[in-house]
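Visitor: Right, I'll just put the structure down here and ask away after.
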Amino acid sequence: MSDFNKQAGSLSEKAGISSPEITNVSAINQIKIKRRHQPTAQELISGILEGNRTALSRAITLIESTNPEHAEKANEIIKGCLLHANKSLRIGITGVPGVGKSTFIEAFGTHLTQLGKKVAVLAVDPSSSISHGSILGDKTRMEELVKNENAFIRPSASGETLGGVARKTRESIILCEAAGFDTIIIETVGVGQSETAVHSMVDFFLLLKISGAGDELQGIKRGIMEMADAIVINKADGDNIKKANQAKIEFNRALHLFPPKKSNWQPKVTTCSSITKEGIMDVWNSILDYFETTQETGFFQEKRNEQNQFWMMETINEQLKQNFYSQPEIIALLEQNKKAVQNNETSPFAAASELLKLYFKQSR
């Protein structure tokens, strides 16, 4: 007998072995009935206000949905939760892939729950530009925090959004606040794109860095450094402690070259280890100092008000874009103009102008 036949024989199913039959038909029918039942907006609102995580998760799914039929229900839920929102401290965390964002958030979130805080983590997972899929593996990486009864972790796909923030993250914050979470952590993709989106929806913007990986010079960039309210050198443990302390000195020097912030807050640089938990408390104390300082100056509320205006304009832009691409006549003409542009029969600007003229004509 050849080696191939031996392998095939060892992998073949033996006689008399079969998959077990499903016996609990009643339980399966009950599950199907529950799945068919779609809770009303008011039922979801009541569940959220009671701290029901299932209701919160289902409501966020509705908000993230691109189905036009879900939009009205989602808006009703947001409106019902709005009066119970704005009672949390919102923290944005960013950093390049591999800096240890998920590990840090788990250590940081666990520390906060031990202090009696209720923590919601809105983790944004990068979407493939080819398949448009996402792994959504943050719950796997935060295996301890996900089991914590005072924590809620919601991974979402970034989609085509720049800055690594899910399309409806802003609305998800409102629902989490209404559910009683007093600390909201937003983890961005951190792929070097514009971080303006996350900065415009949080109170405190934390930049995670690592040392000894050629990251120091790369990290000293005006845009991201000016937005950061704190810089944390992660993975400061073992043989890396000396390098982390050196990186701390370099970043401190760089921060003092920038003009004072509008908030009158001087960003701080700290080191920490998500493994040994060393320095985690210092990060939280720094955030509390920022909160106290900006509350006293009035900057905290001023920033919140500006953010509300910004997201009003963003919502208008998003709705206009969605309405534009949902028009049947626009869809048909768009395909024609795409081919014409590819074949150099017209310019991209002329094609866009023709589409916009059609859209404005229909809008009258």
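The values are calculated or read from the model by the stated rules, or taken from the named source; none is laboratory data. Worth saying up front: this structure is predicted, and the values here are computed from it rather than measured. So basically every Cβ, Gly included, is an ideal-geometry build from the backbone, and we count neighbours across all protein chains shown.
Visitor: Tally time: how many residues in segment 109-142 are surrounded by fewer than 16 Cβ atoms within 10 Å (Cβ to Cβ), part of a loop (DSSP other than H, G, I, E, B) and at pLDDT below 80?
Guide: 9
Visitor: Give me the helices (runs of 4 or more DSSP H) completely within segment 267-364, filtered to those with at least 3 residues that are touching a residue at least 60 places away in the same chain (Cβ under 8 Å) and within 23 Å of the chain's Cα centre (by Cα), ordered by residue number.
Guide: Because the criterion is at least 3 residues that are touching a residue at least 60 places away in the same chain (Cβ under 8 Å) and within 23 Å of the chain's Cα centre (by Cα), the helices (runs of 4 or more DSSP H) in segment 267-364 that meet it are 280-297, 299-325.
Visitor: Still on this model: Select from segment 283-314 the residues that are at pLDDT 95 or above and aliphatic (A, V, I, L, M) and list them in ascending order.
Guide: Scanning segment 283-314 gives Val283, Ile287, Leu288.
Visitor: Within segment 36-99, which helices (runs of 4 or more DSSP H) (wholly inside it) include 2 or more residues that are touching a His at 6+ places or on another chain (Cβ under 9 Å) and not aromatic (Phe, Trp, Tyr)?
Guide: Helices (runs of 4 or more DSSP H) meeting the threshold: 41-49, 53-64.
Visitor: In addition: Say we look at segment 225-252 and pick out the residues that are over 26 Å from the mean Cα position of the chain (by Cα) and among the aliphatic types (A, V, I, L, M); which of these is surrounded by the fewest Cβ atoms within 10 Å (Cβ to Cβ)?
Guide: Within segment 225-252, the match that is surrounded by the fewest Cβ atoms within 10 Å (Cβ to Cβ) is Ile249.
Visitor: Just checking, which of Leu255, Leu355, Leu320 is surrounded by 11 or more Cβ atoms within 10 Å (Cβ to Cβ), touching a helix residue (DSSP H, G or I) at 6+ places or on another chain (Cβ under 9 Å), of a type in the set (A, V, I, L, M, F, W, C) and not assigned by TED's automatic domain parsing to the domain that holds Gly238?
Guide: Working: Leu255 fails: not assigned by TED's automatic domain parsing to the domain that holds Gly238; Leu320 fails: touching a helix residue (DSSP H, G or I) at 6+ places or on another chain (Cβ under 9 Å).
Criteria check complete, one pass: Leu355.
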